[in-house]
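The values are calculated or read from the model by the stated rules, or taken from the named source; none is laboratory data. Please read these numbers as outputs of a predicted model, since none were measured by experiment. Positions of Cβ are generated from backbone atoms using ideal geometry, with glycine treated the same way; all protein chains shown enter the neighbour counts. Ligands, DNA and RNA are stripped out before the accessible areas are found, and what is left, the full protein with its side chains, is counted by its heavy atoms. Shrake-Rupley method; radii C 1.70, N 1.55, O 1.52, S 1.80 Å.
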Amino acid sequence: MDKNKLWKWLLLALLVIWSFALVTPLDQKIKLGLDLKGGSSFVVEVDAEDVAKKMVEGDEEISSIEDISATALKDEIKNVQEIAVEVIRNRIDVLGTSEPEIYPEGEARIVVRLPGADAETRAEAKAQLSADAVLNFKAVHQDSAAWVAELVQTGKVPMGYKMAGQDGSGPFYIRDRSALTDDQLDRAFRERLKSFGGQHADFMLMSDKLKDGSTVYRPEYIERRRQLGGDTIKDAFVSYDQMTGLPSISLEFNSEGKKSFGRVTEKMSPKEDGTYSRLAIILDDTLYSAPRINEAIWSGRAEISGNFSVTEARRLVNVLRAGALPGRVKIVEERTVAPTLGQDSIDSGVKAILYGGIAVLLFMALYYMVPGLIANLSLVFVLILLPVGMVVSAGFLGVISGSLEGSAVSLPTLTLYGIAGIVLTVGMAVDANVLIFERMREEWKVGKSIGGSINAGYNKAFSTILDANVTTLLTAIILFWQGSGPIRGFAVTLSAGILISMFIVLVMTRLFFNTLADSNMLKSVKMMSMPFLQNANFNFLGGRKVAAIISLVIIVLSWGMFMKKGDANFGVDFTGGSVITFEFEQKQDIEVVRSALGAAGFGSANIAYQASLDGTEFLEVKVGASGEEAEPALQAVKGLSGEYKDVKNDSVGSQIGAELKKKGVNAIIFALIGIIIYISIRFEFAFAMGAITALAHDVLITVGIYCALGNELSMPIIAALLTIVGYSVNDTIVVFDRIREDLKLEKGKSYKDIANLSINQTLSRTVLTSVTTLLTVVMLLVFGGGAVKDFALALFIGILVGTYSSIFVATPVVLLWHKEEKVK
């Protein structure tokens, strides 16, 4: 054995060892995504408006928000994001969640992932994220009593409340729930309440209890400038009133806070003229107490009293200990998958890989015989080395996209779409083998030796394989750049499959063939053939006008339906809103569910029962609200008899939805531009126009038919469309590469005849690759379930349309640049 072959065998052995080291032991090295393991993910965003308000409150030189420059606000938001990451991490750590992932994203967002979190942990985590724990100490305005007296005299009362009376502590209100429900007393309401009365101070209500135990609300006007913040809190703990037993929150300041609190209380101490001040203690824009300051307090201790339950007090203590958020954050995206649903996804994914792999292996062994067995061996090695490819791809994609998450040199998290990428890799890895085998068959037929057929087959197929895989890799890079979460997982797996399959097919299978040929174990190229594929002589281009009419009719009809449906074509990823999936013990009629949702204010909700592969029924509810606004819909369904439990929740804010829609469109546009540039360089501009027209054709028809079947567009479907773009251009390049080759060999013929000849020469490869890829996609379609089933359906449509366009669309467009031209 020569040294060149020996080094290749050693390289393969080292890569296999490295790959096994990356995944063993399996339970420790392979991290499952939330869609497989179950759990919850949240994306929170720093509230720019709140940050600006706090800058005004904390800086005497800034009199209004308009005085803050865009650069200063941007820098402060970034600073708040950095601090908030650590605060949120401290809060989540209290919950005891296993291996939470918390990291910044962009300039104002934070991603929080909680693998395996159950419903109780999820609810608590959501509460911890929603609670700002922003503690402020402000002065009660000196004119507060006079302004409140004016309100009483004029009869003005804030909405949701009624005037109830007056005692020694002043006037008080009671709740009017017929005007506003408790759910409506949210953050936005508290913000509006501040301007009630029209004074240059914030109007707030302080909860209090009368001697008879009834809850009342006392009005106060609070100065807007902050005297002291909660960032100097050293510790917080629950204490209990010795007389009433009610819980309160005791605070202890750090050394800096102790001095600041002392100075503030000294400044607010009673004056010689008898005037006194009161210090308002405000947590998350809620006034809890406003004690009179009788003297300077240098002990560094304070107490927040209010109508707390023990649970509420403990939760507030936890968030105060973790640290107050320096600025408000809001949940803009929430996704939840129950652990049981995650296990179902694993089972269906394993089935898809297993059955798809077996189908491809059987087909290759039966059709290509000995070369097919070698191809099967190469597929096994592709799967074995995929972990190495994923590590390399994740690092490479992370570096070029500037993503710290992606650039970590470790095995990426495996998601459901990652499994889909593995299944697709099995199908697409066959393509290079088919290209080489068909070339080897041609060389063997013209009388070359077995060694000559092998080398000529690999050499002539190399440029086609390179061009096809580079364009597919380009779409994977764009997908990673524009995508997030599971979509990035798919991009990593797809690019890893491309890199590893190219290495195995171009280097290792050639080594296998040459080793067998050199040892006389392989003496001929024997393969099955289909008569209509061998020596094919169809006049494909003669029917190009009919094909153009068929394509236009399909596009017009399907997009006519698309336009008619309007926003109904888009899922919550793009429109914003929530899709909540429930499991249940006893099924309730849809009208019962609709009535419950209508009572909660969601009369226009989309409601449907769906069946899984094993026949289990789930209820799916889609509402236009997201986050906290969608919570009443969730509770309305859970309140139905029949033990309804939410097992999946995709909640996307309208801003995120708009951004995802923009990213999806950008991803497709950038992919098309990249392909135009690459094909123009490698071939010529006419070929680039042919490829782009075919790709636009494929995307339009796939989207049109997919939505016409009643499905919605989402980010995973954008991933499917980009995969179709990669697959279709792969198909098209194979034809273009043969045209380029035949133009050098077939002198004197018309451009049209040469192009038609090239399509016929590559027809065997086109059909066989489509068959093997469709075998794996069909397995995803049958066993994928849920969102992966929708993903596979889009792929199925796209692969069929892409195969058609590579023959009937791409080449006819190229002919427009070469009408009646003869090759000289």
Original post:
Has region 166-186 got at least one residue that is under 26 Å from Ser40 (Cα atoms) and either among the charged types (D, E, K, R) or open to solvent by less than 70 Å² (accessible area, probe 1.4 Å) (or both)?
Top reply: yes
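Name the residue that is farthest from Lys819 (Cα to Cα), counting only residues in region 531-559 that are outside any helix (DSSP H, G or I) and within 44 Å of the chain's Cα centre (by Cα). Give the steps one after another, and end with the answer.
Let us first name the residues in region 531-559 that are outside any helix (DSSP H, G or I), namely 531-540.
Now narrow it down to the ones that are within 44 Å of the chain's Cα centre (by Cα): 533, 540.
Numbers: Leu533: 28, Phe540: 16 Å.
Residue satisfying both the conditions and the ranking: Leu533.
Wholly within region 31-150, which strands (runs of 3 or more DSSP E) include no fewer than the required count, namely at least 3 residues that are under 24 Å from Gly483 (Cα atoms) and in contact with a helix residue (DSSP H, G or I) (Cβ under 7 Å, 6 or more places away or on another chain)?
Numbers: elements: 39-46, 101-105, 109-115, 135-140.
Result: 39-46, 101-105, 109-115.
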Subject >> Exclusive hit being out of contact with any Cys (no Cβ under 8 Å at 6 or more places or on another chain) and modelled with pLDDT of 90 or more, set Val782, Val801 >> reply: Val801
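Please tell me if Leu354 is within 27 Å of the chain's Cα centre (by Cα) and at pLDDT 90 or above.
no
To keep it simple, each residue is scored yes or no on (1) modelled with pLDDT under 85; (2) open to solvent by 30 Å² or more (accessible area, probe 1.4 Å).
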residue	(1), (2)
Phe687	no, no
Thr693	no, yes
His697	no, no
Thr702	no, no
Asn730	yes, no
Asp742	no, no
Lys752	no, yes
Ile759	no, no
**OP:** Could you check Ala149 against (1) closer than 26 Å to Asp47 by Cα; (2) more than 41 Å from the chain's Cα centre (by Cα) and say which number it fails?
**Re:** (1)
Original post:
Just one of Leu474, Leu424, Leu511 is hydrophobic (A, V, I, L, M, F, W, C), open to solvent by less than 30 Å² (accessible area, probe 1.4 Å), assigned to a helix (DSSP H, G or I) and modelled with pLDDT under 85; which is it?
Top reply: Leu424
**OP:** For region 670-678, state whether one or more residues are over 20 Å from Ser805 (Cα atoms), in contact (Cβ under 8 Å) with a residue 24 or more places away in the chain and surrounded by fewer than 21 Cβ atoms within 10 Å (Cβ to Cβ).
**Re:** yes
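On the given criteria, is Glu628 open to solvent by 30 Å² or more (accessible area, probe 1.4 Å) and more than 27 Å from the chain's Cα centre (by Cα)?
Numbers: open to solvent by 30 Å² or more (accessible area, probe 1.4 Å): yes; more than 27 Å from the chain's Cα centre (by Cα): no.
Answer is no for this residue.
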**OP:** Given the conditions (1) within 40 Å of the chain's Cα centre (by Cα); (2) surrounded by 15 or more Cβ atoms within 10 Å (Cβ to Cβ); (3) assigned to a loop (DSSP other than H, G, I, E, B), report the number of the one that Met204 does not fulfil.
**Re:** (3)
Subject >> All positions within region 260-304 that are open to solvent by 50 Å² or more (accessible area, probe 1.4 Å), touching a Ser or Thr at 6+ places or on another chain (Cβ under 9 Å) and farther than 30 Å from Phe189 by Cβ >> reply: Lys267, Pro270, Lys271, Tyr276, Asn294, Glu295, Ile297, Trp298, Arg301
Original post:
Is it the case that Gly197 is in a loop (DSSP other than H, G, I, E, B), surrounded by fewer than 12 Cβ atoms within 10 Å (Cβ to Cβ), without any contact (Cβ under 8 Å) to a residue 60 or more places away in the chain and on the phi > 0 side of the Ramachandran plot?
Top reply: no
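Residue check: is Ile550 open to solvent by 40 Å² or more (accessible area, probe 1.4 Å), out of contact with any Pro (no Cβ under 9 Å at 6 or more places or on another chain) and either under 26 Å from Gln761 (Cβ atoms) or of a type in the set (Ser, Thr, Tyr) (or both)? Steps first, please.
Working: open to solvent by 40 Å² or more (accessible area, probe 1.4 Å): yes; out of contact with any Pro (no Cβ under 9 Å at 6 or more places or on another chain): yes; either under 26 Å from Gln761 (Cβ atoms) or of a type in the set (Ser, Thr, Tyr) (or both): yes.
Yes: the conditions hold for Ile550.
State yes or no: is Ala21 open to solvent by less than 60 Å² (accessible area, probe 1.4 Å) and more than 24 Å from the chain's Cα centre (by Cα)?
Details: open to solvent by less than 60 Å² (accessible area, probe 1.4 Å): yes; more than 24 Å from the chain's Cα centre (by Cα): yes.
For Ala21, the condition - open to solvent by less than 60 Å² (accessible area, probe 1.4 Å) and more than 24 Å from the chain's Cα centre (by Cα) - is met.
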Original post:
Hey, among Ser651, Ser604, Ser641, which residue is buried (at least 16 other Cβ atoms within 10 Å of the Cβ), polar (S, T, N, Q) and either touching a residue at least 12 places away in the same chain (Cβ under 8 Å) or part of a strand (DSSP E or B) (or both)?
Top reply: Ser651
**OP:** Restricting attention to region 217-247, report how many residues are open to solvent by 60 Å² or more (accessible area, probe 1.4 Å), in contact (Cβ under 8 Å) with a residue 12 or more places away in the chain and farther than 25 Å from Gln166 by Cα.
**Re:** 7
